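All remarks here apply to the structure that follows.
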Amino acid sequence: MGIQVYNTITRTKEPFEPLEAGKVRMYACGVTTYDVCHIGHGMQALIYDVIRQYLTFRGYDVTYVRNYTDVDDKIIARANGLGIPALEHASNMIASSERDLAALGVQPATIQPKVSDNIPEIIELIQSLITRDYAYEINGDVYFRVRAFQDYGRLSNRNVDDLRSGARIEVSEHKQDALDFALWKRAKEGEISWNSPWGPGRPGWHIECSALAMKYLGASFDIHGGGKDLIFPHHENEIAQSLCGTNGAFSRYWVHNGLVTVDGRKMSKSLDNFLTIDDAVNRYYPESIRYAILRNHYAANIDFSEQAFYDAYSRLIYFYSTLAKLDEIRATHAEAPAGVPEGMNPPDLKTEFINAMDDDFNTACALREIGTAFKWINDVMGAKKPKLKQKAWVLLKVGDEIRRCAAVLRLLTEEPAQALADIRDYLVRQRDIDVNAVASQIEERDRARADKDWQRADQIRNELADMGILIMDTPNGTVWQVQP
RNA sequence: GGCGGCGUCGCCAAGUGGUAAGGCAGAAGUCUGCAAAACUUCCAUCACCGGUUCGACUCCGGUCGCCGCCUCCA
């Protein structure tokens, strides 16, 4: 059936067909770089990274642009507070954001342009809007004439008269109409500014995304994404500016991700209920955060709780433990036999994965299919029927398929033994567990077991269990994991 | 007030006009010295009330509750 995408502008799921065969051009709104990123930003970045990655997996040549809005009121205010230039502060925050996303395991976009590097393009677009009479200048400010654009409100399903009745529209004596929004803001005392045909100033919000998207992707492109909270006014305004300022169609598909909530409320700086990415990756194994995000559909809000991360740990331990067993098999059964032994029915993971992801990037269903494949491996691995020698090759093949699919989701990319050790370290730190004490307990238990002193051995195991330590006796000795 | 969305098993979470994926937790079993891990089995009728339909959790109307946007926001 091909890829289906839910398009906000039509409020339906549509077949995805890029403008240019084999190529996808996509844009996602990045962050305004005035402060460190919280996991809501991390979730947004991960979602579009995964969408990009999936489209690549499906054979498209993807160009993915994610901007940095590094010129903005809040940046200026914050920088003034710190006593440093606005762009310097923005640059610090960009660096911080890139460190955060790297730590989270999110890959950078193809192009990550900054507003401050693209002022001429912005001015040019504003100029074009003025020429076409969609914008006007007053005292060094330039505003977009909202009522001049017939289709205004189409994305967010609003009509201008409803907006007018809204109580909280900013009043400005300069605007011709309360709905009009700023394209260019005249510089105030001591503010960072650029020269323009309307005097020194800086871009308003919204215009940068239009200019950057069209500069790097063309006046018409395929996908535009962002958080649900940007639908209005940000994306609505982007559409207005872009369509009115050029002859292009701007974005064809509008994708909006859900938000991270805390106790049901949106995570945001203003509510002061945010968890920064930096804190999050220190507290939780980063992949567990990615898992916790991707087990939901991207458009759903996610309410993070400790439980969400424990669930993620359980699954990751299961996944990596299985992969670790496969690694052992690989080490001892390298050769590939002729084919699949009689009676074995390995899952066609790739097909199931594509079916799941084609349906509006349903990562929740994709993870179910990955889980099913793992279960199959464990089932076959534990079975006596085909000898390991015969089935090893098939097991490894399915394992490789799992890793290829999971990699699209930015999951299971680590070396299994290392991942298991790292997960344990995270849990050890979080629970404040004394690793040396655990080790000596286990040694003592091993001695008791060697003496067949089962009572003592079980007593120690129970003590460890009370601390949340799970003991596993394997042919290669006793290993332990922290109960998530 | 306007616009949009949500309410599915104890918890998390998919989904569909034809009698509800998956995960966590729980129960039983296989395995094990005993466990753990792994595997097997069991575990919901989809907020409420109407309507359309042969048939709705899925469509329509209403009620209740929650959330987002309309101001900066991923």
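The values are calculated or read from the model by the stated rules, or taken from the named source; none is laboratory data. Everything quoted here is computed from the prediction, not taken from an experiment. Here the Cβ positions follow ideal geometry from the backbone for every residue, glycine too, while neighbour counts run over all protein chains shown. With ligands, DNA and RNA removed, areas are computed over all heavy atoms of the protein, side chains included. Shrake-Rupley method; radii C 1.70, N 1.55, O 1.52, S 1.80 Å.
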Within the stretch A:189-215: backbone nitrogen closer than 20 Å to the A:Ile138 label point (7 Å, Cα to C-beta):
A:189, A:197-207
I'd like to know which of A:Gln441, A:Gln4, A:Ile423 lies farthest towards the positive end of the charge dipole of chain A, counting +1 on Cβ of Lys and Arg and -1 on Cβ of Asp and Glu.
A:Gln4
Three-way shape call for the stretch A:319-364 based on the alpha-carbon gyration tensor, with the a/c threshold at 1.5
oblate
Principal axis extents for chain A, Cα atoms only, whole Å, descending order, please.
91, 52, 37
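Take peptides A:34-46, A:449-461 and line them up by average Cβ neighbours within 10 Å, highest first, as a rough protection proxy.
Values: A:34-46: 24.4, A:449-461: 13.8.
The densest-packed peptide leads the list: A:34-46, A:449-461.
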Linear extension gain, A:Lys350 paired with A:Arg158, 0.36 nm per residue minus alpha-carbon span:
65.0 nm
Residues A:Arg265 and A:Asn436, FRET efficiency given R0 of 30 Å [Cβ-Cβ distance, rounded to 0.05]:
0.10
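Quick one: compute the contact order of chain A, relative version, from alpha carbon pairs under 8 angstrom and 6+ residues apart, as a percent. If you can, show how the numbers build up before the last one.
Numbers: 720 pairs, mean separation 72.7, N = 484.
With pairs under 8 Å counted, the relative contact order is 15 percent.
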Quick one: dipole size for chain A, taken about the Cα centre, charges +1 on Lys/Arg Cβ and -1 on Asp/Glu Cβ, in debye to the nearest 20.
940 debye
Net charge of neighbours whose Cβ lies under 15 Å from the Cβ of A:Leu155, counting Lys and Arg as +1 and Asp and Glu as -1:
-1
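Of the trypsin sites (Lys or Arg not before Pro) in the stretch A:1-71, which ones lie in a loop per DSSP and count no more than 10 other C-beta atoms within 10 Å?
Numbers: sites: A:Arg11, A:Lys13, A:Lys23, A:Arg25, A:Arg52, A:Arg58, A:Arg66; in loops: A:Arg11, A:Arg58.
Taking the stretch A:1-71 and a limit of 10 other Cβ atoms within 10 Å, the loop trypsin sites (Lys or Arg not before Pro) found are A:Arg11.
With the full set of protein chains in place, find how many percent of the accessible area of chain A is carbon and sulfur; take the probe as 1.4 Å.
Numbers: 10650 of 22210 Å².
Carbon-and-sulfur percentage of accessible area, whole number: 48.
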Distance between modelled label sites at A:Tyr318 and A:Ala450, nm, 7 Å Cα→Cβ extension:
3.6 nm
Would you work out if the stretch A:192-266 is rounded, prolate or oblate? Take a ≥ b ≥ c from the square roots of the eigenvalues of the alpha-carbon gyration tensor; rounded if a/c is under 1.5, else prolate when a/b is larger than b/c, oblate otherwise.
oblate
Which angle from 0 to 90°, rounded to the nearest 10, does the C-alpha axis of helix A:363-382 make with the longest principal axis of chain A?
10 degrees
Sorting A:Ile111, A:Gln53, A:Ser321 by the position of each Cα along the dipole of chain A (Lys, Arg +1; Asp, Glu -1; all at Cβ), the one nearest the positive end of that ordering is A:Ser321
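If you place +1 on the Cβ of every Lys and Arg and -1 on the Cβ of every Asp and Glu, how big does the dipole about the Cα centre of the stretch A:433-482 come out, in debye to the nearest 20? Walk me through the numbers on the way to the answer.
On the way: 6 positive and 10 negative charges, 27 e Å.
Rounded to the nearest 20 debye, it is 140 debye.
So if a site counts as exposed when it's one of the GluC sites (Glu not before Pro), its DSSP state isn't H, G, I, E or B, and it has at most 10 other Cβ atoms within 10 Å, what's the longest stretch of chain A without one? Kindly include the intermediate steps, with their values, before the conclusion.
Values: sites that count: A:Glu170, A:Glu173, A:Glu189, A:Glu335, A:Glu342.
Here the longest segment lacking exposed loop sites spans A:1-169.
Return the calculated 222 nm mean residue ellipticity for chain A, to the nearest 500 deg cm²/dmol, obtained by summing -39500 (n - 2.57) across DSSP H runs with n ≥ 4 and dividing by the residue count. List each step's numbers first, then the result.
Working: 16 runs with 227 residues, N = 484.
Calculated from helices alone, the mean residue ellipticity at 222 nm is -15000 deg cm²/dmol.
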Please label the shape of the stretch A:433-482 as rounded, prolate or oblate, based on the square roots a ≥ b ≥ c of the eigenvalues of the alpha-carbon gyration tensor (a/c under 1.5 means rounded; beyond that, a/b larger than b/c means prolate, else oblate).
prolate
Degrees between helix A:39-57 axis and first principal axis of chain A (Cα, 0 to 90, nearest 10)
80 degrees
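Taking only protein heavy atoms into account and a 1.4 Å probe, give the accessible area per residue of the stretch A:306-417 in Å².
Values: 5350 Å² over 112 residues.
Ligands and nucleic acids excluded, the figure is 48 Å² per residue.
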Separation between the A:Glu443 and A:Asp400 pseudo-spin-labels, each 7 Å from Cα along Cα→Cβ, expressed in nm?
4.2 nm
By how many degrees, 0 to 90 and rounded to 10, does the Cα axis of helix A:349-358 deviate from the longest principal axis of chain A?
20 degrees
Using a basic spin-label model with each label point 7 Å from the Cα along Cα→Cβ, how many nm lie between A:Ile111 and A:Glu463?
6.4 nm
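Find, among the chymotrypsin sites (Phe, Trp or Tyr not before Pro) in the stretch A:320-376, those assigned to loop by DSSP (not H, G, I, E, B) with at most 14 other beta-carbon atoms within 10 angstrom.
On the way: sites: A:Tyr320, A:Phe353, A:Phe361, A:Phe374, A:Trp376; in loops: A:Phe361.
The qualifying sites: there are none.
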Cα-based radius of gyration of the stretch A:4-136 once divided by 2.2 N^0.38 Å, which approximates compact folds
1.24
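Using the structure shown, list the pairs from A:Lys23/A:Lys391; A:Lys185/A:Lys215; A:Lys375/A:Lys452 with a Cα-Cα distance above 29 Å, or answer none.
Violating the 29 Å limit, Cα to Cα: A:Lys23/A:Lys391; A:Lys375/A:Lys452.
Where Rh denotes the Kirkwood radius from the mean inverse Cα pair distance, what is Rg over Rh for the stretch A:306-417? All intermediate terms of the calculation are to be shown ahead of the outcome.
Working: Rg = 14.4 Å, Rh = 14.7 Å.
With Rg and the Kirkwood Rh in hand, the quotient comes to 0.98.
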